[in-house]
Amino acid sequence: MTPMIRAQNITKTYVSKGIETRVLRGISLHIKKGEFVAIMGRSGAGKSTLLYQLSLLDTPTEGKIFLSDEDTSNLSNEERTRFRLHRLGYVFQDYALIPDLTAIENVMIPLLMQGMSQKKAEEKSLKSLERVELSHRKDNLPSELSGGEQQRAAIARAVVHTPDIIFADEPTANLDTVSSKAVLDLLLELHKKGQTIVMVTHEEEYGALAERIIRLSDGVVVS
């Protein structure tokens, strides 16, 4: 079976004031369709940098990334944006909700950007909020939601368009234990239904919930 994600010899080097910092040093990996993978390692190991390359939010310095067997290095900026919008979902540690929009309006954003009608987008978004048990808060602004509720709204937005892959970058970093467990339970529920999930975490107990852990150290895969 074709892997959902295939990375070949990924390197990422940042240059600041003439000084080069090599964050990723030739990473190759495969992630299968429907797999739940945790990327782990110490602070500065390159976890989030790797996630940003795999999720097309950044471009590697060298190497190739194939998503559903499509060579993403051949995509133009516009094609990358379209690929992200239609086929990928994102959950960030700071929730990344738009403060002036209600929960349901935040969830509707990807659908409206895809050209869906307001009515259809609203129906689908309400269903997505129901999945994360947040439909009763649909008309609340992010500032009126707890951290756990904001993250659940972010997950509803990430899955509303049925993406091929969900990328989650430290999704429990700003949450208390109870909210963290609720968010992880949600991701596990999605995974059970066949969702491919790639999650960065530094918490061993949360990483242990994934099917497989990819451990990084100094920009290379160590296990």
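The values are calculated or read from the model by the stated rules, or taken from the named source; none is laboratory data. In this text the structure is predicted, and so the values were computed from the model without any measurement. Ideal geometry is used to build each Cβ from the backbone, glycine not excepted, and the neighbour counts take in all protein chains shown. What goes into the accessible areas is simple: the full protein's heavy atoms, side chains included, and nothing from ligands, DNA or RNA. Shrake-Rupley method; radii C 1.70, N 1.55, O 1.52, S 1.80 Å.
General remarks:
- Scanning the range 50-64 for residues that are over 15 Å from Y90 (Cβ atoms), surrounded by fewer than 21 Cβ atoms within 10 Å (Cβ to Cβ) and touching a residue at least 40 places away in the same chain (Cβ under 8 Å) returns T61, E62, G63, K64.
- Test: residue in the range 30-42 that is surrounded by fewer than 17 Cβ atoms within 10 Å (Cβ to Cβ), in a strand (DSSP E or B) and of a type outside the set (K, R): yes
- Of all residues in the range 65-81, those satisfying the criterion of being in contact (Cβ under 8 Å) with a residue 40 or more places away in the chain and either of a type in the set (S, T, N, Q) or not in a strand (DSSP E or B) (or both) are S68, D69.
- Any chance E204 is charged (D, E, K, R), in contact with a His (Cβ under 9 Å, 6 or more places away or on another chain) and in contact (Cβ under 8 Å) with a residue 40 or more places away in the chain: no
- Any hit, the range 9-17, residues being assigned to a strand (DSSP E or B), in contact with a helix residue (DSSP H, G or I) (Cβ under 7 Å, 6 or more places away or on another chain) and open to solvent by less than 80 Å² (accessible area, probe 1.4 Å): yes
- For first residues located in the range 136-153 and more than 21 Å from L184 (Cα to Cα), partners that are assigned to a loop (DSSP other than H, G, I, E, B) and open to solvent by 50 Å² or more (accessible area, probe 1.4 Å) and lie 6+ apart or on another chain with Cβ distances below 7 Å form the pairs L141/P99; S143/P99.
- Just one of the listed residues (S223, S180) is of a type in the set (S, T, Y) and assigned to a helix (DSSP H, G or I), namely S180.
- Per-region count, the range 146-164, residues more than 26 Å from I31 (Cβ to Cβ) and touching an Asp or Glu at 6+ places or on another chain (Cβ under 8 Å): 2
- Restricting attention to the range 115-156, the residues that are assigned to a helix (DSSP H, G or I) and either basic (K, R) or open to solvent by 50 Å² or more (accessible area, probe 1.4 Å) (or both) add up to 15.
- Per-region count, the range 82-96, residues open to solvent by 40 Å² or more (accessible area, probe 1.4 Å) and touching a residue at least 12 places away in the same chain (Cβ under 8 Å): 7
- The residues in the range 43-61 that are among the hydroxyl-bearing types (S, T, Y) and assigned to a loop (DSSP other than H, G, I, E, B) can be counted, and the count is 4.
- Selection within the range 119-135 - aliphatic (A, V, I, L, M) and either in contact with a Gly (Cβ under 9 Å, 6 or more places away or on another chain) or modelled with pLDDT of 95 or more (or both): A121, L126, L129, L134
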